Amino acid sequence: MRSLLFVPGDSPRKLEKGLGSGADVLLIDIEDSVAASAKSAAREAVRAFLEQAVSLAQRPRLYVRINGLTTGLADADLDGVMPGRPDGIMLPKASGGQDVTHLGAKLAVREVENDIPDGSTRIIAIGTETARSVFALGTYGGASRRLEGLTWGGEDLSADLGAEQNRDAAGQWLEPYRLARALTLMGAAAAEVAAIDAVFTNFRDLEGLAADCEAGRRDGFVAKMAIHPDQVPVINRVFTPDADAVAWAEAIVDAFAAEPDAGVVGINGEMIDRPHLLRAQRVLAKVRRPGA
């Protein structure tokens with residue numbers, strides 16, 4: 001999982017286009033991009049799309065972003081889309097691990113009702129959309145075996161904070177949002193799930209997107225969300241380790257395999273320790289995953 005593309009759930013044309021975007025995951029949205037009056041129709045459209053798409057031989061993974069648990073709409077969303085057997089659910093406005101546990105229980109019931117294998121519907125949580133939720137980013141570990149990833153965003157958070165803006169004149173995140181980003185990264189690592197970086201909203205600035213992706217990869221994020229199909233190739237390229245990175249990772253793994261009891265090994269005059277081995281193993285895991 002490198003790229004996750006948002007697609008409005010009430011647009012069959014965009015859903016079909018998303019299938020050919022090259023994204024590893026489609027985030028089919030029935031939350032922010034769908035008006036309140038169109039929610040019911042969107043559920044029906046998403047279910048029909050899922051029923052057609054899940055059986056395709058080659059396709060992205062299909063997640064549905066439902067409305068938050070406190071909106072009163074989440075149960076209707078799940079009732080509407082779970083018969084289509086999505087690969088996962090994206091949970092917005094998550095206020096901590098307890099919300100993931102709560103969603104997991106709802107999914108378990110609907111898996112039984114729809115003859116879906118127990119536990120097969122995964123969860124990605126958006127953990128920074130309110131000030132309260134930021135304080136709970138360390139609570140996701142052990143919340144549910146369904147939890148696959150933790151991500152963040154600055155738009156809803158800035159509204160909750162009453163901020164005038166969330167980026168500076170150069171397009172860089174301001175301090176409150178850099179904090180939320182860092183805590184998401186640490187929360188994901190603590191929960192042992194994928195850390196997924198926020199969207200880059202200027203979809204025409206592909207150079208800026210590439211720089212943003214490179215900064216995310218450098219810091220430890222393994223994937224990034226997208227709002228436009230043109231962003232997907234850039235995200236996939238940056239989050240796929242290149243040949244040099246793979247060769248270096250293989251050299252580290254091979255060196256420790258040759259000396260399994262060593263705490264430190266030497267490679268080309270450089271001293272390499274166990275933390276380097278862990279990073280090397282993660283690099284190789286990325287290129288061996290489907291879609292990498």
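The values are calculated or read from the model by the stated rules, or taken from the named source; none is laboratory data. In this text, all values refer to a predicted model and were calculated from it rather than measured experimentally. Reconstructed Cβ throughout: ideal geometry from the backbone, glycine too, with neighbour counts over all protein chains shown.
The table that follows gives values for the structure above.
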quantity	calculated
Selection from the stretch 17-33 of residues that are closer than 29 Å to G72 by Cα and modelled with pLDDT of 95 or more	G18, V25, L26, L27, I28, D29, I30, E31
Meets criteria (closer than 26 Å to I123 by Cβ, modelled with pLDDT of 95 or more and in contact with an Asp or Glu (Cβ under 6 Å, 6 or more places away or on another chain)) for V238	yes
Meets criteria (of a type in the set (D, E, K, R) and touching a Ser or Thr at 6+ places or on another chain (Cβ under 6 Å)) for D115	no
Cβ pairs under 9 Å, 6+ apart, first in the stretch 233-248 and without any contact (Cβ under 8 Å) to a residue 40 or more places away in the chain and of a type outside the set (A, V, I, L, M, F, W, C), second surrounded by 18 or more Cβ atoms within 10 Å (Cβ to Cβ) and part of a helix (DSSP H, G or I)	R237/C213
Count of the stretch 169-221 residues which are small (G, A, S), out of contact with any helix residue (DSSP H, G or I) (no Cβ under 7 Å at 6 or more places or on another chain) and within 21 Å of P275 (Cα to Cα)	8
Where A249 falls short, out of the listed (1) touching a helix residue (DSSP H, G or I) at 6+ places or on another chain (Cβ under 6 Å); (2) at pLDDT below 95; (3) assigned by TED's automatic domain parsing to the domain that holds R61	(3)
Condition met for L56 (in contact with a helix residue (DSSP H, G or I) (Cβ under 9 Å, 6 or more places away or on another chain), hydrophobic (A, V, I, L, M, F, W, C) and free of Cβ contacts under 8 Å to residues at least 40 places away in the same chain)	yes
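One line per residue, one yes/no per condition, for (1) polar (S, T, N, Q); (2) closer than 20 Å to T101 by Cβ; (3) modelled with pLDDT under 95; (4) buried (at least 17 other Cβ atoms within 10 Å of the Cβ):
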{"site": "A136", "(1), (2), (3), (4)": "no, yes, no, yes"}
{"site": "T139", "(1), (2), (3), (4)": "yes, yes, no, yes"}
{"site": "A163", "(1), (2), (3), (4)": "no, no, no, no"}
{"site": "A169", "(1), (2), (3), (4)": "no, no, yes, no"}
{"site": "M186", "(1), (2), (3), (4)": "no, no, no, no"}
{"site": "V193", "(1), (2), (3), (4)": "no, yes, no, yes"}
{"site": "A211", "(1), (2), (3), (4)": "no, no, no, no"}
{"site": "D219", "(1), (2), (3), (4)": "no, no, no, no"}
{"site": "A223", "(1), (2), (3), (4)": "no, no, no, yes"}
